[in-house]
1. Connecting C-alpha atoms closer than 10 Å in a GNM of the chain, tell me which of ILE165, ILE89, ILE80 has the biggest fluctuation.
2. Between ASN171 and LYS43, what is the label-to-label distance in nm when each label sits 7 Å out along the Cα-to-Cβ direction?
3. Pick from ALA32, ALA90, ALA46: which residue has the top mean-square fluctuation in a GNM of the chain where Cα pairs under 10 Å get a spring?
4. Taking the Cα centroid of region 6-31 and of region 99-125, what is the distance between the two, rounded to the nearest whole Å?
5. Pull out a ≥ b ≥ c, the square roots of the eigenvalues of the alpha-carbon gyration tensor of region 1-45, then state rounded if a/c is under 1.5, prolate if not and a/b is larger than b/c, and oblate in the remaining case.
6. Quick one: if you stick a label point 7 Å off each Cα along the C-beta vector at ARG141 and GLU188, how many nm between them?
7. Does region 81-127 come out rounded, prolate or oblate, given a ≥ b ≥ c as the square roots of the eigenvalues of its C-alpha gyration tensor, rounded meaning a/c under 1.5 and, failing that, prolate meaning a/b above b/c?
8. Helix 63-72: angle to the longest alpha-carbon principal axis of the chain, degrees 0 to 90, nearest 10?
Amino acid sequence: MERALIVSANNEVSELAEQLLRTEGCGRTDVAVSGSEARRLVKNDAEPELVIINTPLSDEFGQELAEMIADITSAGIILICSGDVSDEIADRLSDSGINVLARPVTRELLQRTIRLVIAARVRMAGVRESSDILSRIEEMRTINRAKTTLMKYLKFTEPQAHKYIEKQAMNNRQTRLEVAVRILAQYE
């Protein structure tokens, strides 16, 4: 993990979280004491991979901040709040994928949760990569179908069909996929 953000008005929690993130191999950890400072860091700096928010913050509770970060980033988020409101907040935030921990949080629990969030992000990255590969395969299939169509109707050879699609894409400032779709629509 390259970058994490800790948002806490409590120095003890910030230091503990920083320590645990270092042991998990986090490269850079930013610390903010308020919601406004955290918003600035999230919007202006590189996207954090993990965000730990210890509520309440100096200028807000922190739930809204967690929701905003979940909306605009793919960061894993841990929200620490008092035990009397944790169940209610967890119910509200469950659809956002935000992990809610009830205070008091032990070192072991926080470390386990950090590891869980990191592992979940790694798995999601693999899923995204798989979907990118599948969309690329589908794109190649469409282009190949367009080549076959050109070979069938215009009696092109495979290299001629390939060159035709490339040239059309370049001349019309389109992707090869867009040209292929246009060819298929024209001949099929």
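1. ILE165
2. 4.7 nm
3. In this elastic network of the chain, the residue with the biggest mean-square fluctuation among ALA32, ALA90, ALA46 is ALA46.
4. With region 6-31 and region 99-125 each reduced to a Cα centre, they are spaced 13 Å.
5. Values: a/c = 4.06, a/b = 1.24, b/c = 3.27.
In terms of gyration-tensor shape, oblate.
6. In this crude spin-label approximation the distance works out to 1.0 nm.
7. Verdict is oblate for region 81-127.
8. For helix 63-72, the angle is close to 20 degrees.
Each value in this text was obtained by applying a stated rule to the coordinates, not by laboratory testing. Values in this document were obtained by computation on a predicted structure and should not be read as measured data. Positions of Cβ are generated from backbone atoms using ideal geometry, with glycine treated the same way; all protein chains shown enter the neighbour counts.
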